[in-house]
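> Sharing a structure, written as structure tokens. Questions coming.
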Amino acid sequence: MSTGNGADSAPGHISTSTTRSASRNPAAPPGGRGMFSSLKIRNYRLFALGQAVSNTGTWMQRIAQDWLVLSLTGSASAVGITIALQFLPMMLFGLYGGVLADRLAKRPLLLATQSAMGLTGIALAALTLAGHVQVWHVYLAAFLLGLVTVVDNPARQTFVSEMVGPAQVANAVSLNSANFQSARLVGPALAGVLITAVGSGWAFLLNGLSFAAPLAGLLLMRTNELHPVQPQPRAKGQLREGLRYVAGRPELIWPIVLVGFIGTFGFNFPIWLSAFVDHVFHGDAGTYGLFNTLIAAGSLAGALLAARRGHSRLRLLVTAALLFSALLLVTAFAPGFWLFAALLVPLGIFGLTVNVTANSSVQMATDPEMRGRVMALFMMVFTGGTPIGAPLVGWVTDTYGARIGMAAGGAVSLAAAAVIAVVLSRVGNLRLSVSRHGVAFVPSRQTLTTAA
């Protein structure tokens, strides 16, 4: 139950798929070793630099948006509705975005989507700075941003392999997450300062302007150094073809189902943290920024550890999901401010490990011509469940309090992770091992005997 270099117990067609990817792209560089090996590739360096600037702006807008809605309404449910509207288009149209990503050249497509995302930030900034912003404006901006993301997400995810080649996919995916989480360390802190000093509008404006960086990076790339996948011609049934492709592969379907549950019920930190700040610890925007920064610090550590590993194992995915879910329950009932804050760091580590391991495992097990549709399904399930989970979690949080709201999300995630752990262990013929070294899934004795 592993993928990538060093896989020791993967189903046979995982390695076959990866081999096919490499054989179709003989120009792909050999798999470099080291935590930052993908950054040796010029096109990926340009991409990573642009994303670092844009991601910082994105995190600034996320914090400013959540705090603005909470300030206008005083309701955690309203924050949940905002998040739900941003991810609703992914739930409704995510698979179609994957079809477009497989049909169209990725670089020009990203130039269009990144430009549109920058314009939404500038429009929201204009309304806020003019003093005319209302909650429905934020709702509309979130929904429009979600529409663009339907196409941007699968295109951006699959463009990674075109920049670095199949041998570096796992490392590049991990570095993308490290990039995102590094921005998460800076963005919330800057947002907290800006909101306190001059208001949310300036955070929105800086986010809109930050998209100039990824646009410049895309324009400066050397197209002859890319590893392009031939766009798929328009044909009937491409969406159903993608679903059938995933359904017939347990190494794809079960990680996607797992991240669906985790994403829907376990990744609702904007709701929980804003409620803890407002109703439990009676803090302000600076406290909210601090909590997000602590999660980001853990997430960055998790991403760098994943980049150093250079491979993705489904056993690691399941173990991280179980630990993340259990830690949500523990954190929910942390009695004091500083203990709660400290627990956010390991929450970030295990949450990011779930995300990166699932992402790279699914990409590496997918044929290049199907990758857009598969990654669209992955992102649709991971983020598209938010329109269901966020309002529900927001209602539980408003009705029963922040602690019960977070605990409920952890309980559902833990139950799902436990069930899928059993399913994947049977598919991979693994067993649970408890020793002085920890808890892990290992090959069953029957498997070892057969191998011998």
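> What number of residues in the range 180-225 are open to solvent by less than 70 Å² (accessible area, probe 1.4 Å) and of a type in the set (Ser, Thr, Tyr)?
Qualifying residue count, the range 180-225: 3.
> Now for a separate question. Can you confirm whether Trp67 is at pLDDT below 90, under 27 Å from Ala307 (Cα atoms) and of a type outside the set (Gly, Ala, Ser)?
no
> Tell me yes or no: at least one residue of the range 74-83 is open to solvent by 60 Å² or more (accessible area, probe 1.4 Å) and under 20 Å from the mean Cα position of the chain (by Cα).
Yes, the conditions are met somewhere in the range 74-83.
> Follow-up. Within the range 222-258, how many residues turn out to be closer than 13 Å to Asp367 by Cα and of a type in the set (Lys, Arg)?
1
> Do we have Phe159 as within 22 Å of the chain's Cα centre (by Cα), among the aromatic types (Phe, Trp, Tyr) and within 19 Å of Asn55 (Cβ to Cβ) here?
So Phe159 fits the description; yes.
> Does Val173 satisfy the criteria of being within 23 Å of Tyr96 (Cβ to Cβ), out of contact with any Leu (no Cβ under 9 Å at 6 or more places or on another chain), in a helix (DSSP H, G or I) and open to solvent by less than 30 Å² (accessible area, probe 1.4 Å)?
No: the conditions fail for Val173.
> Another question, then. Kindly indicate whether any position in the range 303-311 is buried (at least 21 other Cβ atoms within 10 Å of the Cβ), closer than 30 Å to Gly401 by Cα and either out of contact with any Gly (no Cβ under 8 Å at 6 or more places or on another chain) or modelled with pLDDT of 75 or more (or both).
No, because not a single residue in the range 303-311 is buried (at least 21 other Cβ atoms within 10 Å of the Cβ), closer than 30 Å to Gly401 by Cα and either out of contact with any Gly (no Cβ under 8 Å at 6 or more places or on another chain) or modelled with pLDDT of 75 or more (or both).
> For the range 349-378, give me each residue that is out of contact with any Lys or Arg (no Cβ under 9 Å at 6 or more places or on another chain) and within 15 Å of Leu300 (Cα to Cα).
Ile349, Phe350, Gly351, Leu352, Thr353, Val354, Asn355, Val356
> Additional query: Filter the range 368-392 down to the residues that are within 30 Å of His282 (Cα to Cα) and more than 19 Å from the chain's Cα centre (by Cα), then identify the one that is modelled with the lowest pLDDT.
Residue satisfying both the conditions and the ranking: Pro391.
> Another question about this same structure. Could you look through the range 393-432, keep only residues that are polar (S, T, N, Q) and under 20 Å from Gly351 (Cβ atoms), and pick out the one that is modelled with the lowest pLDDT?
For the range 393-432, the residue satisfying everything is Thr397.
> Another question, then. Starting from residues that are crowded, with 22+ Cβ neighbours inside 10 Å and out of contact with any Leu (no Cβ under 7 Å at 6 or more places or on another chain), keep the ones in the range 129-150 and report whichever is farthest from Gly208 (Cα to Cα).
Val150
> Okay, moving on. Filter the range 344-368 down to the residues that are open to solvent by 30 Å² or more (accessible area, probe 1.4 Å) and farther than 16 Å from Leu322 by Cβ and list them by number.
Scanning the range 344-368 gives a single hit, Val345.
> Another question, if that's okay. I'm trying to understand the selection: among the residues of the range 143-165, which are among the small types (Gly, Ala, Ser) and part of a helix (DSSP H, G or I)?
Within the range 143-165, Gly146, Ala155, Ser161 qualify.
For (1) of a type outside the set (S, T, N, Q); (2) open to solvent by 40 Å² or more (accessible area, probe 1.4 Å), each residue gets a yes or a no:
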position	(1), (2)
Phe378	yes, no
Thr383	no, no
Gly394	yes, no
Gly401	yes, no
Ile404	yes, yes
Val412	yes, yes
Val419	yes, yes
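> Here's something else I'd like to know. Kindly list, by first and then second residue, each pair from a residue in the range 174-192 that is touching a residue at least 24 places away in the same chain (Cβ under 8 Å) to a residue that is among the acidic types (Asp, Glu) and surrounded by fewer than 23 Cβ atoms within 10 Å (Cβ to Cβ), limited to pairs with Cβ atoms under 9 Å and residues at least 6 apart or on different chains.
Close Cβ pairs (under 9 Å, with a partner that is among the acidic types (Asp, Glu) and surrounded by fewer than 23 Cβ atoms within 10 Å (Cβ to Cβ)) amount to Gly192/Asp284.
> How many residues are within 23 Å of Ala415 (Cα to Cα) and β-branched (Val, Ile, Thr) if we restrict to the range 247-294?
Within the range 247-294, residues that are within 23 Å of Ala415 (Cα to Cα) and β-branched (Val, Ile, Thr) number 7.
> Same structure again: Any residue at all in the range 292-302 that is assigned to a helix (DSSP H, G or I) and out of contact with any Leu (no Cβ under 9 Å at 6 or more places or on another chain)?
Checked the range 292-302: no residue is assigned to a helix (DSSP H, G or I) and out of contact with any Leu (no Cβ under 9 Å at 6 or more places or on another chain).
> All but one of (1) over 30 Å from Met406 (Cα atoms); (2) open to solvent by 20 Å² or more (accessible area, probe 1.4 Å); (3) among the hydroxyl-bearing types (Ser, Thr, Tyr) hold for Thr113, so report the exception by its number.
(2)
> Assuming Gly336 fulfils every condition listed in (1) open to solvent by less than 10 Å² (accessible area, probe 1.4 Å); (2) more than 16 Å from the chain's Cα centre (by Cα) apart from one, which condition is it?
The failed condition is (1).
> Quick one: in the range 151-168, of everything that is among the aliphatic types (A, V, I, L, M) and open to solvent by less than 10 Å² (accessible area, probe 1.4 Å), which residue is nearest to Leu314 (Cα to Cα)?
Among them, the one singled out is Val160.
> Then there's this: Which members of the range 228-247 meet the condition of being open to solvent by 60 Å² or more (accessible area, probe 1.4 Å) and without any contact (Cβ under 8 Å) to a residue 24 or more places away in the chain?
Correct list: Lys236, Arg240, Arg244, Ala247.
> Determine which member of the set Gly4, Gly57, Gly97 is closer than 27 Å to Ala247 by Cβ, open to solvent by less than 40 Å² (accessible area, probe 1.4 Å) and modelled with pLDDT of 80 or more.
Gly97
The values are calculated or read from the model by the stated rules, or taken from the named source; none is laboratory data. Keep in mind that what you see is a predicted model, and the values were worked out from it rather than measured. Counting neighbours? That spans all protein chains shown, and the Cβs are built from the backbone with ideal geometry, glycine included. Accessible surface areas use protein heavy atoms only, side chains included; no ligands, DNA or RNA. Shrake-Rupley method; radii C 1.70, N 1.55, O 1.52, S 1.80 Å.
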